[in-house]
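Asks: Have a look at this one before I ask anything.
Every number here is computed from the coordinates shown, using simple stated rules; none is lab data. Values in this document were obtained by computation on a predicted structure and should not be read as measured data. Counting neighbours? That spans all protein chains shown, and the Cβs are built from the backbone with ideal geometry, glycine included.
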Amino acid sequence: MCHKEEDMSSFSEGQTHLLMNRLEAEGFTPNDVTQLGQYPDLVRLREVLRGVAMISYITRLLVRTPFTPARISRKHPWIISAEGLARARERVLPVERITVEHYSHHEKNWVPDIVVLEKVWSSIKNPLLDASDFLALWNDPHHAALNWLYRSQGITELTFWGTILQYGMLGSGAVLFLKRDSRDGRWHYDTVHFADHVYCRIFPIAVLSNIPSSE
């Protein structure tokens, strides 16, 4: 007669499900979980959990991807109406240098797109993130860089004012927008029109800060 081998684990079923659900929510794949179980130095991870060690984030450079409006929508007639030049020749995006600055203007009435754009571009000294930076972050496996920005700096929203989109030939201006859902931790993207004085008062502007000189 065959006897079922008893599970000798000291972990409860509830603990196991909680861990698996959290790993899945953070973007872990079944292969990631297998590699985690086979990782030869899990003791170091336990030391982090117990507060006697820290994880040091390795410098991460994301490759910038050439952008065309078709990459975000093949159904809607988006075109590029303006682009900043500061980031145009950069091949990579250094994630650690991303920071968020808030800008608002106080017109009580509607103002033209070009007025909003000129005020935004003139108010920020650092190069603005553009659509190629957007693709680099969006295509990063499991949104690892975006999740790191959230954990390290609390960043939950990024807008990419370095590339201005226009809906058709006569449409209003818009920028690409990334936002973290507070309910499940997932990131979503959209295009946000800015021909409204309310927009710049509510949403942050993502910029790529300069690293201060060590001299």
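Asks: Would you kindly state how much longer the chain becomes between Ala144 and Arg50 on full extension, computed as 0.36 nm times their sequence separation minus their alpha carbon distance, in nm to one decimal?
Replies: Contour length minus the Cα-Cα distance gives 31.5 nm.
Asks: Still on this structure, please answer the following. What net charge do the residues around Asp130 carry, taking every other residue with its C-beta under 10 Å from that of Asp130, with Lys and Arg at +1 and Asp and Glu at -1?
Replies: Working: positive: Arg64, Arg87; negative: Glu83, Glu90, Asp133.
Surrounding charge for Asp130 is -1.
Asks: A further question follows. Find how much the distance from Arg97 to Phe11 grows on full extension, using 0.36 nm per residue of separation minus their present alpha carbon separation; answer in nm with one decimal.
Replies: Full extension from Arg97 to Phe11 adds 26.9 nm.
Asks: With r defined as the distance between the Cβ atoms of Asp190 and Asn31 and R0 fixed at 30 Å, what FRET efficiency is calculated, to the nearest 0.05?
Replies: Values: r = 30 Å, r/R0 = 1.01.
Working from the Cβ atoms, E equals 0.50.
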